[in-house]
Structure formats: structure tokens, C-alpha cells
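Engineer: Below you'll find the structure I mean.
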Amino acid sequence: MQANERDLFAATLREAATAHRGGSLDDVLAPMGWSDAYEDDPRAAVPVLFELQGELNASSSALAAVVGSTVLPLAGGSAAPASIGGPGLVVRGLGFGGSFTGETIDLVASSSRGHQRVTVSTSALTIRAVDGIDPSLGLVEVSTASPVHPGAGPLFDWPAAVSSAQLALAHQLVGAARAMLSLARDHAVDRVQGGRAIASYQAVRHRLADSYVAVQAASSATTAAWEVPSPLASTVAKLLAGRAARLGAGHAQQVLGAMGFTEEHVFHHYLRRVLVLDELFGSARALAEDLGRQALETKQLPQLLPL
Amino acid sequence: MKLTGFDLAEFRAGLDAWLDENASELAPAPGADDALAGEITQINKVKRLAWEAGWMRYGWPEQVGGLGGSTLLRGYLGEALAMRDLVKPGFWTMHEMLAPVVIAYGSPSLAAEVVPPFLRGDEMWCQGFSEPSTGSNLGSLACRAVRTDAGWRVTGQKVWTSLAHLSQRCLLLTRTGTPESAHRGITALLVDTDTSGMTIRPFQTMHGVEEFSEVFFDDALVPYSRTLGEENDGWSVAMDLLPFERSTSMWLRNAYLYTRLQRLVSTAPEGAVSAAALGDVLAQVFAFRAQSRITQYRLAAGEHLGPETSVDKILLSTTEQSVFDLAAESLPGEVLFDDSDDASKWRSEFLYSRAATIYGGSLEIQRNIVARRLLDLGAES
């Protein structure tokens with residue numbers, strides 16, 4: 001897409017998503033042709049949609065399209081959501097509720113000959129809603145009660161799919177972190193205590209400044225991951241975005257004070273969302289430990305970003 | 001080799017090959033100690049060799065002996081030197097920061113006279129900004145310059161002036177307006193450090209280096225030809241240093257931190273370094289790099305760099321402390337108790353890194369800038 005097409009795409013998506021606030025964006029994405037845009041120009045389609053999802057606290061099944069598998073890994077890791085072994089195909093993963101309405105789905109499974117994408121009948125799957133801390137995300141747990149026997153599927157580049165997912169989630173976390181910072185910033189400017197806006201107090205200003213720096217660093221890492229793609233760049237972008245979102249949630253909560261602690265205030269929806277998003281495809285904590293362990297085992301830091 | 005226009009890939013390949021071919025000549029002289037004078041000798045040698053071979057001249061305008069081309073080439077030169085451990089990051093910052101404003105604000109003849117010797121390693125310069133009562137609040141500086149028939153007559157004191165006693169020239173901010181004129185009454189001068197009436201008294205930092213000085217001016221006479229910019233417009237000069245302090249030289253500083261973290265990983269005994277802590281520090285180095293890379297390209301494209309570079313400074317300072325905190329936590333036996341060369345270097349670097357959130361605008365000042373200018377939080381109470 002040209003720059004002006006991107007801008008138009010972003011504006012249209014924003015308008016539609018804002019009008020549709022609260023529910024799944026799947027109904028909006030299909031008529032807009034988001035999947036085609038994604039196939040055609042992921043660099044245009046992914047940041048716009050996922051930052052918007054983060055900002056509006058919206059949800060869609062677009063992550064499954066980015067991964068290329070309707071079933072996603074269980075929280076906490078990036079292992080393929082299914083495996084093919086002696087008894088057949090065993091599925092255990094997560095998905096977005098709206099994705100299982102058809103007769104079949106595609107998912108990625110590990111096997112002795114590498115990762116494959118296979119087609120599975122939805123009737124063979126057990127699908128259970130995952131409410132947990134963030135029911136509005138619409139996650140479901142997907143499993144097979146007994147092994148199934150799909151036909152062999154094409155080999156699939158799972159590590160590349162993990163990188164794509166991490167980068168998309170990094171954008172969503174950046175969007176959410178920005179939204180929380182914006183809530184806190186506006187509150188700090190409006191809220192008067194001791195005769196002055198609380199934004200005039202350095203303790204408040206420095207919290208918000210630290211949130212800003214963290215989200216800016218994460219955002220710059222996503223830019224780097226598009227400009228000079230590598231598995232490391234996507235992983236670090238996800239790690240930094242997860243950290244920025246958690247830090248930003250803490251600072252925003254404190255600045256919002258008691259108002260941010262109410263059911264009525266929108267803040268808690270962001271808090272719930274970023275905690276769950278951080279766990280998908282590796283939490284910041286787990287990714288940091290993996291990075292460190294690899295460097296210690298090889299006694300070699302990975303090559304960073306070239307100029 | 002003369003590159004036409006912008007070609008970073010060609011520059012990178014050519015420079016890397018030259019650095020490899022001349023590795024022994026570029027390396028610090030055998031027996032050179034780590035003392036400050038030795039480091040300045042080393043940096044000047046590297047600049048001289050790189051100037052003669054042409055590499056030091058790219059990214060600088062022809063009026064000061066440069067060969068033109070993008071500032072990205074200067075960024076990469078710094079990275080390549082840091083990756084080979086040939087220069088210290090702090091001292092490389094001096095010409096990257098000070099030369100551009102002399103080119104921009106000095107007369108063409110002054111720039112053509114003084115900048116080439118600085119770039120080719122014949123000279124070191126220093127930055128005379130801070131004063132005993134003027135740290136973070138630069139607009140309150142008091143070192144006075146008065147017009148006379150013979151030139152500016154300067155009286156007053158500077159402090160924390162890094163490398164002053166090893167420098168030939170000093171970029172000095174002076175008070176030329178009334179004491180109340182704040183940032184509107186400041187004039188920038190380029191002063192020779194052997195000027196009569198100028199006394200430089202070095203003192204030690206806590207890491208045992210005579211890095212900075214007190215500088216006293218007692219009726220020191222500075223010719224008008226050494227005025228940078230207009231009278232009372234020194235604030236612009238000071239502000240225009242920032243884009244350079246926060247861009248080309250920061251790329252080298254990131255590369256330097258990467259090499260030190262690599263050194264830690266390759267030498268620490270099994271089990272000494274926490275994997276989780278290392279991963280986090282590595283991510284910080286990456287974040288600082290990703291942020292700085294965007295800034296490098298903005299500078300090269302001629303964009304105005306403003307308060308958003310406070311993010312770069314914050315990331316530099318916090319990342320630098322994280323790297324050396326990790327080293328100190330992982331190698332307490334070496335950093336705290338050992339006196340070997342390697343251990344002494346870690347100790348010195350660890351102690352020096354404590355200053356990273358203080359110099360060049362403290363962390364608090366940077367957060368204030370982010371709050372006021374980037375988050376639009378209004379005035380502080």
C-alpha cells in the first residue's frame with residue numbers, strides 16, 4: 001500500500017472499530033477485507049489493527065490469521081497447539097470463540113517430520129470458554145477428547161508464525177499501554193487536589209514520564225522488527241511491550257487513584273487485557289529468561305540491529 | 001576511496017576492511033596504561049589514522065575538510081571503533097557534539113581553521129557550561145563576558161568541565177546580558193585553553209580519574225572572531241548541541257555497552273549471571289538501539305531533533321547503569337575485591353556508570369522535559 005492508502009485504511013478501520021466498540025471486531029474486518037490487506041501488505045495491516053485493538057480494548061480473531069492457525073498455543077508459551085504422534089492428532093490450545101462456527105478449521109501441529117498445517121473437523125474438538133480475569137477477550141480453550149486422524153498437511157514454518165504473532169501482540173500491548181497512559185494523563189490534568197492539578201506534582205509527572213519512555217522504547221522496537229526482521233527483534237518487541245504495559249498499568253492505576261479502582265471506570269478492562277496478552281506467545285518474564293539462557297549457553301550475545 | 005553521496009553499505013564494508021587490515025597499528029600502544037592521558041593519546045591516534053585514510057572525513061562538510069555524505073556514516077564509524085574496543089565512548093562524543101555547532105555558528109573561516117585539527121586528532125576540546133551554582137539550571141549561569149575594544153573580557157568560573165586540562169579549546173557559555181536575562185542573555189565563545197587569565201584545575205572523580213576540572217577566568221581576553229552565533233544568542237548554540245549529543249555519538253555508546261555485556265557473557269563463570277536478569281538487560285540494550293536508530297535516520301534526513309531525544313538520553317543512562325549493575329552483581333569477587341586489570345576495568349566502569357543519570361541533563365530533568373513537552377502536562381508546581 002502507498003502511504004495515502006495506508007492512512008485511508010487506518011482511518012476507515014478506526015472509524016468502524018470505534019463504532020463497534022465493545023464487541024468482536026471480526027464483523028468489521030471481514031467486509032473491510034482486512035485478510036486481503038494482511039496478505040498483501042502485513043506491515044500496513046498489522047500495526048494499524050493491533051494497536052487499535054489495544055487502544056480500544058477490542059478483540060478479534062485476527063491473531064489466528066496472523067499465525068496461520070485457528071488454534072493458538074496455550075498461555076505461557078509458544079509451542080504449537082497440537083501434536084501428531086502414534087495415536088493421532090492431539091489438540092490443546094486456545095482460540096477466539098467466533099472462529100469455530102464452520103465445519104472445519106486449520107491448525108498447526110508438530111510432528112516428527114516438522115510442523116504441518118492440517119484441517120480438522122470442529123465436531124472433533126471440545127471448546128470451553130475461558131473467562132478468567134478477562135472474559136471480554138473471548139478466549140476459548142480447545143482440545144481433543146480423543147486423538148483424531150486428519151490427512152497429512154503441508155509443512156509449516158512455525159517459528160516464523162511465532163515471530164509474526166509476537167510482533168502483532170507487541171503492537172496490541174503498545175496500543176493498550178498508550179491508552180492507559182492517555183487515561184492517566186487526562187485525569188492528572190483535570191483532577192485538582194490542594195488547589196492544583198495533580199499533573200503539576202513531580203511525583204505524578206515522573207511516573208507518567210517513565211510510562212511514556214517505556215512505551216516509546218517498545219514502539220521503536222516494533223519499528224525495528226519491521227525494518228530489519230528477525231526472530232530476536234519480534235521477541236524483544238513483545239518483551240518490551242509486555243514490560244511497558246505492566247509498568248504503564250501500575251503507574252496509570254496509581255495516578256487514577258480511587259476512580260480507577262471502580263467497576264465503572266474503563267481502566268480495569270485494560271489492566272485485565274494486558275495481563276492476558278503478556279502471557280500469549282511468551283510473557284516478558286519468560287522471554288527474558290529464554291534470551292538470557294541462550295546467551296549464557298552459547299556465551300554469545302545475539303547480533304543486534306544494524307544501522 | 002571516495003564514496004559518492006550516501007551509501008552506508010559500501011562505507012561499512014570498506015571501513016571494516018580497513019580496520020581489519022590496520023588492526024595492529026590502530027590498537028593502543030603496548031604498555032599504554034588506562035589513565036586518561038593515554039586514552040586521549042589513543043583516541044587522537046585513531047582519529048589521525050582514520051582521517052588520513054579518509055574514513056574520519058565522511059559525514060562532515062567539505063568546508064572543514066570533510067568528504068560529505070550522510071551523518072549515518074559517522075554513526076557507523078563510532079560503532080565500528082567501539083566494537084573493536086579502540087576508543088572510549090565518552091571522549092568520542094566531544095567532537096561529535098562540539099564540532100557541528102562551531103560549523104553552524106562560527107564564521108566560515110573560524111570553522112575551517114579549528115575544526116579540521118579537532119577531527120584529525122591534533123586537538124581535544126571541552127564544553128564549559130556548568131558552574132558551581134548552575135547545574136541543571138543552565139539559564140542561571142554567571143560567568144561574565146564584557147565587551148572591550150580588544151575583545152570579550154571573561155571573568156568567572158566553570159566546573160565539571162570534562163577533559164579541560166587535556167583540551168586545546170573550550171566551548172564556553174558566558175553571561176553577556178543582565179543577571180536577570182536568564183537564557184536570553186548568554187553568548188557562546190570558543191576559547192583557547194592557553195588564553196592568559198584562564199586557569200584549569202583538574203580534580204578526581206570517584207572512579208579515580210582526573211576527568212573534569214574547575215576552570216577559572218580572570219579577565220581572560222577572547223577575540224570577537226571567536227563568538228559563536230549572535231551576541232546573547234548562546235542559548236540557541238547550547239540547544240543545538242543536543243541533537244548531536246543525542247544522535248551520532250549515542251550509536252557508539254550503544255555498541256560499547258553491547259561489547260561490555262558480551263564480555264560479561266563470555267568471561268563470567270558458570271552460574272554467575274542470572275539468565276532472567278541478562279535477558280532483561282539485553283532487551284534494554286536493544287530498546288536503546290532501536291530508539292537511537294530512528295534518531296540516526298531522522299538526523300540524516302535533516303529533521304529537527306527536539307525534546308523527543310530526551311527518551312534517547314533516558315534509555316542511554318538507564319541501560320548503561322543496568323549493564324554495569326549486572327556486571328557488579330554477577331562478578332562481586334572481581335568488581336569488589338580483585339585488582340587485576342580486567343577487574344579494575346569493570347570496577348572503574350561500574351563506578352563511572354553511576355554518573356550516567358546525572359551528566360548531560362539529569363534523569364529528573366529529562367523526565368521533566370518528557371512531562372512538559374511530550375505529555376503536555378503543563379507547568380510544574
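The values are calculated or read from the model by the stated rules, or taken from the named source; none is laboratory data. Treat the numbers as computed from the prediction; the structure is a model and nothing was measured. Positions of Cβ are backbone-derived with ideal geometry, glycine not excepted, and every protein chain shown enters the neighbour counts.
Engineer: Test A:Asp210 against the criterion of being free of Cβ contacts under 8 Å to residues at least 12 places away in the same chain and within 25 Å of A:His269 (Cβ to Cβ), and give yes or no.
Structural biologist: Details: free of Cβ contacts under 8 Å to residues at least 12 places away in the same chain: no; within 25 Å of A:His269 (Cβ to Cβ): yes.
Considered against the rule, which asks whether it is free of Cβ contacts under 8 Å to residues at least 12 places away in the same chain and within 25 Å of A:His269 (Cβ to Cβ), A:Asp210 comes out as no.
Engineer: Condition test on B:Glu113, is it surrounded by fewer than 23 Cβ atoms within 10 Å (Cβ to Cβ), at pLDDT 95 or above and part of a loop (DSSP other than H, G, I, E, B)? Before the answer, list the steps.
Structural biologist: Values: surrounded by fewer than 23 Cβ atoms within 10 Å (Cβ to Cβ): yes; at pLDDT 95 or above: yes; part of a loop (DSSP other than H, G, I, E, B): no.
For B:Glu113, the condition - surrounded by fewer than 23 Cβ atoms within 10 Å (Cβ to Cβ), at pLDDT 95 or above and part of a loop (DSSP other than H, G, I, E, B) - is not met.
Engineer: Quick one: would you say B:Leu252 is more than 9 Å from chain A (Cβ to nearest Cβ), under 15 Å from the mean Cα position of the chain (by Cα) and surrounded by fewer than 22 Cβ atoms within 10 Å (Cβ to Cβ)?
Structural biologist: Working: more than 9 Å from chain A (Cβ to nearest Cβ): yes; under 15 Å from the mean Cα position of the chain (by Cα): yes; surrounded by fewer than 22 Cβ atoms within 10 Å (Cβ to Cβ): no.
No; evaluated as a whole, the condition is false for this residue.
Engineer: Test of understanding: among A:Thr126, A:Thr104, A:Thr119, which residue is more than 14 Å from chain B (Cβ to nearest Cβ), surrounded by fewer than 17 Cβ atoms within 10 Å (Cβ to Cβ), in contact with a Leu (Cβ under 9 Å, 6 or more places away or on another chain) and of a type outside the set (D, E, K, R)?
Structural biologist: Details: A:Thr126 fails: in contact with a Leu (Cβ under 9 Å, 6 or more places away or on another chain); A:Thr104 fails: in contact with a Leu (Cβ under 9 Å, 6 or more places away or on another chain).
That would be A:Thr119, the only listed residue that is more than 14 Å from chain B (Cβ to nearest Cβ), surrounded by fewer than 17 Cβ atoms within 10 Å (Cβ to Cβ), in contact with a Leu (Cβ under 9 Å, 6 or more places away or on another chain) and of a type outside the set (D, E, K, R).
Engineer: Only one of these conditions is not met by A:Ser146: (1) surrounded by fewer than 21 Cβ atoms within 10 Å (Cβ to Cβ); (2) modelled with pLDDT of 95 or more. Which number is it?
Structural biologist: Going through the list (1) surrounded by fewer than 21 Cβ atoms within 10 Å (Cβ to Cβ); (2) modelled with pLDDT of 95 or more, A:Ser146 breaks only (2).
Engineer: Looking at this structure, is A:Leu232 at pLDDT below 95, surrounded by fewer than 24 Cβ atoms within 10 Å (Cβ to Cβ) and in contact with a Phe, Trp or Tyr (Cβ under 9 Å, 6 or more places away or on another chain)? Quick ask: steps written out before the conclusion?
Structural biologist: Values: at pLDDT below 95: no; surrounded by fewer than 24 Cβ atoms within 10 Å (Cβ to Cβ): yes; in contact with a Phe, Trp or Tyr (Cβ under 9 Å, 6 or more places away or on another chain): yes.
Spelling it out, it is not the case that A:Leu232 is at pLDDT below 95, surrounded by fewer than 24 Cβ atoms within 10 Å (Cβ to Cβ) and in contact with a Phe, Trp or Tyr (Cβ under 9 Å, 6 or more places away or on another chain).
Engineer: Residues of the range A:190-212 being more than 17 Å from B:Ile314 (Cβ to Cβ), among the basic types (Lys, Arg) and facing another protein chain (nearest Cβ under 9 Å), which ones?
Structural biologist: If the condition is that a residue be more than 17 Å from B:Ile314 (Cβ to Cβ), among the basic types (Lys, Arg) and facing another protein chain (nearest Cβ under 9 Å), then A:Arg196 is the only one that fits.
Engineer: Would you confirm whether any residue within the range A:285-302 is in contact with a helix residue (DSSP H, G or I) (Cβ under 8 Å, 6 or more places away or on another chain), in a loop (DSSP other than H, G, I, E, B), more than 8 Å from every other protein chain (Cβ to nearest Cβ) and without any contact (Cβ under 8 Å) to a residue 12 or more places away in the chain?
Structural biologist: no
For every residue, the table says whether it meets (1) surrounded by fewer than 24 Cβ atoms within 10 Å (Cβ to Cβ); (2) part of a helix (DSSP H, G or I); (3) modelled with pLDDT of 95 or more.
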{"site": "A:Asp210", "(1), (2), (3)": "yes, yes, yes"}
{"site": "A:Ser219", "(1), (2), (3)": "no, yes, yes"}
{"site": "A:Ala245", "(1), (2), (3)": "no, yes, yes"}
{"site": "A:Val255", "(1), (2), (3)": "no, yes, yes"}
{"site": "A:Glu264", "(1), (2), (3)": "yes, no, yes"}
{"site": "A:Leu275", "(1), (2), (3)": "yes, yes, yes"}
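Engineer: For the range A:142-152, check the following and say yes or no: at least one residue is closer than 27 Å to A:Gln172 by Cβ, in contact (Cβ under 8 Å) with a residue 24 or more places away in the chain and not polar (S, T, N, Q). Steps first, answer last, please.
Structural biologist: If we filter the range A:142-152 for residues that are closer than 27 Å to A:Gln172 by Cβ, which is where we start, we get A:142-143.
Within this subset, residues satisfying the condition of being in contact (Cβ under 8 Å) with a residue 24 or more places away in the chain are A:142-143.
From what's left, not polar (S, T, N, Q): A:142.
The answer is yes; a qualifying residue exists.
Engineer: Of all residues in the range B:177-213 being among the β-branched types (Val, Ile, Thr) and under 18 Å from B:His165 (Cβ atoms), which is surrounded by the fewest Cβ atoms within 10 Å (Cβ to Cβ)?
Structural biologist: Step one: filter the range B:177-213 for residues among the β-branched types (Val, Ile, Thr), giving B:178, B:186-187, B:191, B:193, B:195, B:199-200, B:205, B:209.
Restricting the remaining residues to those that are under 18 Å from B:His165 (Cβ atoms) gives B:191, B:193, B:195, B:199-200, B:205, B:209.
Details: B:Val191: 24, B:Thr193: 21, B:Thr195: 16, B:Thr199: 12, B:Ile200: 18, B:Thr205: 17, B:Val209: 16.
Across the range B:177-213, the extreme among qualifying residues is B:Thr199.
Engineer: Evaluate the following for A:His171: is it free of Cβ contacts under 8 Å to residues at least 60 places away in the same chain and either of a type outside the set (A, V, I, L, M) or at the interface with chain B (Cβ under 9 Å from one of its Cβ atoms) (or both)?
Structural biologist: Working: free of Cβ contacts under 8 Å to residues at least 60 places away in the same chain: no; either of a type outside the set (A, V, I, L, M) or at the interface with chain B (Cβ under 9 Å from one of its Cβ atoms) (or both): yes.
For A:His171, the condition - free of Cβ contacts under 8 Å to residues at least 60 places away in the same chain and either of a type outside the set (A, V, I, L, M) or at the interface with chain B (Cβ under 9 Å from one of its Cβ atoms) (or both) - is not met.
Residue-wise test of (1) more than 20 Å from B:Thr295 (Cβ to Cβ); (2) assigned to a loop (DSSP other than H, G, I, E, B).
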residue: B:Gly14; (1), (2): yes, no
residue: B:Lys47; (1), (2): yes, no
residue: B:Val87; (1), (2): yes, yes
residue: B:Met97; (1), (2): no, no
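Engineer: If you take just the helices (runs of 4 or more DSSP H) that sit entirely in the range B:287-378, which of them hold at least 3 residues that are among the aliphatic types (A, V, I, L, M) and facing chain A (nearest Cβ under 10 Å)?
Structural biologist: On the way: elements: B:309-330, B:341-353, B:363-369.
The helices (runs of 4 or more DSSP H) meeting that bar are B:309-330.
Engineer: May I pose another question? Taking the conditions exactly as written (at pLDDT 95 or above, surrounded by fewer than 23 Cβ atoms within 10 Å (Cβ to Cβ) and either facing chain A (nearest Cβ under 8 Å) or touching a His at 6+ places or on another chain (Cβ under 9 Å) (or both)), does B:Ala275 satisfy them or not? Let's see the steps before the verdict.
Structural biologist: Details: at pLDDT 95 or above: yes; surrounded by fewer than 23 Cβ atoms within 10 Å (Cβ to Cβ): yes; either facing chain A (nearest Cβ under 8 Å) or touching a His at 6+ places or on another chain (Cβ under 9 Å) (or both): yes.
Taking the combined requirement at face value, the residue satisfies it.
Engineer: For the range A:28-47, what are the residues that are touching a residue at least 40 places away in the same chain (Cβ under 8 Å) and either surrounded by fewer than 22 Cβ atoms within 10 Å (Cβ to Cβ) or touching a Leu at 6+ places or on another chain (Cβ under 6 Å) (or both)?
Structural biologist: So in the range A:28-47, the residues touching a residue at least 40 places away in the same chain (Cβ under 8 Å) come out as A:41-44, A:46-47.
Result: A:Asp41, A:Pro42, A:Arg43, A:Ala44.
Engineer: Checking A:Ala221 against (1) at positive phi; (2) within 11 Å of another protein chain (Cβ to nearest Cβ); (3) hydrophobic (A, V, I, L, M, F, W, C): exactly one of these is not met. Which one?
Structural biologist: Every condition holds for A:Ala221 apart from (1).
Engineer: Do we have any residue at all in the range A:180-198 that's polar (S, T, N, Q), farther than 30 Å from A:Ser83 by Cβ, crowded, with 23+ Cβ neighbours inside 10 Å and over 15 Å from the mean Cα position of the chain (by Cα)?
Structural biologist: No: the range A:180-198 contains no residue that is polar (S, T, N, Q), farther than 30 Å from A:Ser83 by Cβ, crowded, with 23+ Cβ neighbours inside 10 Å and over 15 Å from the mean Cα position of the chain (by Cα).
Engineer: Going by what's in this entry, would B:Leu228 be described as more than 8 Å from every other protein chain (Cβ to nearest Cβ), over 20 Å from B:Asp342 (Cβ atoms), buried (at least 22 other Cβ atoms within 10 Å of the Cβ) and more than 16 Å from the chain's Cα centre (by Cα)? Steps first, answer last, please.
Structural biologist: Values: more than 8 Å from every other protein chain (Cβ to nearest Cβ): yes; over 20 Å from B:Asp342 (Cβ atoms): yes; buried (at least 22 other Cβ atoms within 10 Å of the Cβ): yes; more than 16 Å from the chain's Cα centre (by Cα): yes.
So B:Leu228 fits the description; yes.
Engineer: Please specify each residue of the range B:278-295 satisfying the condition of being crowded, with 21+ Cβ neighbours inside 10 Å and not small (Gly, Ala, Ser).
Structural biologist: Of all residues in the range B:278-295, those crowded, with 21+ Cβ neighbours inside 10 Å come to B:278-293, B:295.
The answer is B:Leu278, B:Asp280, B:Val281, B:Leu282, B:Gln284, B:Val285, B:Phe286, B:Phe288, B:Arg289, B:Gln291, B:Arg293, B:Thr295.
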